[in-house]
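The values are calculated or read from the model by the stated rules, or taken from the named source; none is laboratory data. Not measured: the values here are computed from a predicted model. Cβ: placed from backbone, ideal geometry, glycine included. Neighbour counts: every protein chain shown.
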Amino acid sequence: MSAFTSTTAVVTGASSGIGRAIAVRLATLGAARVLIHYCSNVAGARETAQEIETLGCQADILGVDLADHDRLPEFVDSCFERLGRVDAWINNAGADVLTGDAASDSFEKKLRTLIEVDLVGTTHLARSAASRMRDQKSAPPPSMTFIGWDQSPRGMEGDAGQLFAPVKAALMALANSLAQEYAPDVRVNTVAPGWIQTDWGAGADEVWDARARGQSLMNRWGHVNDVALAVAHLSDPANTFATAQTIEVNGGWNRRWNHGDS
């Protein structure tokens, strides 16, 4: 029997991409019920729900904009009311400022969006959810996982580096701080993806494609399922000794790569 049997989970930003892959992975491993959070893509959330229900997992769908900070306490309350308890909470949701209409926004507007959604919104959710999870007094202890970025500690040139590195670094620091606050009652960890072929990566030009492949020792882009595997590992109820950890999902950082290689 899987350690995930009869467990419940909340995955934010699960209407597509990495979030959907995480929800599906948890369902595949035997989770009994997964709450799928979305912001505006309700159709995508329903598709995720249908996919995990075919795996025998019950799906709940609940929407909220993480930039609407006043509504976040109500969202957390609703999650616990629907699920009864939460065994795994995954903070995956984030603003997309690289594709769609937001791609043409100014640097300042993109930065403010990321701060309001990825940082402030996630901080409110995580603090509230972790407090509720601690109050469950359950054994084994529930887990919370953040999605960071492998290049946040290193830094990266260009607007993308200056936008995402500081915001994701702050989230990774928050995860470590919550781990200190809530241990041993709640385990808190981070998964830090590298170059993952999401919607942006699928349309990357030859230069970015070469960089993504070249900076990985495995010489390939990461897949959303690679991230989901790491999240599932940290969320595993049997993994009771893992907290305050960061797993980089980047195929191994290639120290031999340089800009001239591309």
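Quick rundown of the values:
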item	result
Number of positions in segment 54-74 that are surrounded by fewer than 22 Cβ atoms within 10 Å (Cβ to Cβ), in contact (Cβ under 8 Å) with a residue 24 or more places away in the chain and farther than 16 Å from residue 95 by Cα	8
Residue in segment 151-167 that is modelled with pLDDT of 95 or more and closer than 15 Å to residue 19 by Cα present	no
Scan of segment 132-148 for residues that are surrounded by fewer than 24 Cβ atoms within 10 Å (Cβ to Cβ) and either on the phi > 0 side of the Ramachandran plot or under 17 Å from the mean Cα position of the chain (by Cα) (or both), ordered by number	137
Residue that is nearest to residue 238 (Cα to Cα), among those in segment 156-174 that are out of contact with any Pro (no Cβ under 9 Å at 6 or more places or on another chain), of a type in the set (A, V, I, L, M, F, W, C) and without any contact (Cβ under 8 Å) to a residue 40 or more places away in the chain	173
Pairs where the first residue, in segment 18-34, is under 11 Å from residue 228 (Cβ atoms) and in contact (Cβ under 8 Å) with a residue 24 or more places away in the chain and the second is part of a helix (DSSP H, G or I) and charged (D, E, K, R), C-beta under 7 Å, 6+ apart	24/51
Helices (runs of 4 or more DSSP H) contained in segment 157-262 and holding at least 3 residues in contact with a strand residue (DSSP E or B) (Cβ under 6 Å, 6 or more places away or on another chain) and under 30 Å from residue 10 (Cα atoms)	158-182, 224-235
Residue in segment 90-110 that is in contact with a strand residue (DSSP E or B) (Cβ under 7 Å, 6 or more places away or on another chain) and more than 21 Å from residue 162 (Cα to Cα) present	yes
Filter pass, residue 93 being at pLDDT 95 or above, part of a helix (DSSP H, G or I) and crowded, with 17+ Cβ neighbours inside 10 Å	no
Scope segment 25-36; condition farther than 13 Å from residue 235 by Cβ and in contact with a Cys (Cβ under 9 Å, 6 or more places away or on another chain); matching residues	32, 33, 35
Verdict on residue 153 being within 16 Å of residue 239 (Cβ to Cβ) and assigned to a loop (DSSP other than H, G, I, E, B)	no
Residue within segment 45-65 that is at pLDDT below 95, assigned to a helix (DSSP H, G or I) and within 23 Å of residue 193 (Cα to Cα) present	no
Subset tally (residues that are over 17 Å from the mean Cα position of the chain (by Cα) and outside any loop (DSSP other than H, G, I, E, B)) for segment 15-44	4
Subset of segment 100-144 [in a helix (DSSP H, G or I) and of a type in the set (Lys, Arg)]	109, 110, 112, 127, 132, 134
